[in-house]
1. List the residues, sorted by chain then number, that are 5 or more residues from residue 28 or on another chain and whose placed amide H is less than 5 Å from its amide H.
2. On a 23 Å Cα-Cα criterion, which of the cross-link pairs 14/68; 104/150; 62/88; 14/93; 14/88 come out too long?
3. Which residues' amide hydrogens lie under 5 Å from the amide hydrogen of residue 228, considering only partners 5 or more residues apart or on another chain, with H built in the peptide plane?
Amino acid sequence: MTSGSPLPIETYLKEWENICTNFYVNNDELAGTIVGLVEFASHSNETITLNFSTVDQTVAGKKEDLEKLLNKIGFVNGTMLLPQEFNKYLETKRKIRSEFHRKKAEQLQEELDRLLNSKPAQYTPLHRRSELTTFINQYNNSVGAKPFIKGLLHMFKLQLNQSNLASWTFLDDIFTQNGPDFMRASVNLLINVLSFTHTVQQADESGQENTYNKVRATGTVELSSQQRPAEMITSEGNISKLCYLPFKFFLFWWNLAKLWLNFCCGIIGFKKNHSSVSSELHV
């Protein structure tokens, strides 16, 4: 193939679509390199050229494969044969990327629904404590887990010394926005460790204001009209030791770490300001 004999743009776009799909779906390294080269190509005087200086050396070793694939999408010797069609490449990539993330979100939601509606496991008290400790140790430094943990602690605070069951309403995002591992761990904590029951509230499809827009990141915690079972009231002390105190301990250290960081920043800022003042005085 030479630069003087370009193929129809549809041929190039079809190959480009295959490369983008291979990158997003299969996480192919070579395909990802090509996507990056095209996306960040240089534009000058209606000429589009690829910048190979950014190519990883491990991929550069596959130069023949790289050039072969580039030829298939309309790039010869690093130059685009049909530069006037460049925006179509970007639009094709955007559509494939959007579809990929849509399917991933759909799969994640399907898994979440399956987990929430699965039969609770029969954990022993020792196993429950172990699972709770594991969760705290794994996510104690996770910023994304903070809304979930704060909402859960609020739930415990409200439930203690109350004769009615507390209700915690939140969007599914509190599970899914931090990835599948956190989603599985948090659902396991609620369903299997803490024995929460799950209900679904349907979204309002009428013309009225959607109440879900008012739900905070930590969710909405309130008392329900349902009475607490007698066994829950008699075991309240055990529940407090198992759940409330560990999370309270976790948040205590979280806040202490932030306080220490602010204190250190204050010392650094004071020293900088003090040094500046001293310099000015000596001048």
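1. 23
2. Working: 14/68 15 Å; 104/150 27 Å; 62/88 27 Å; 14/93 11 Å; 14/88 11 Å.
Going by Cα-Cα distance, 104/150; 62/88 fall outside the 23 Å limit.
3. 164, 165
No lab work stands behind these numbers, since they all come straight from the coordinates. Keep in mind that what you see is a predicted model, and the values were worked out from it rather than measured.
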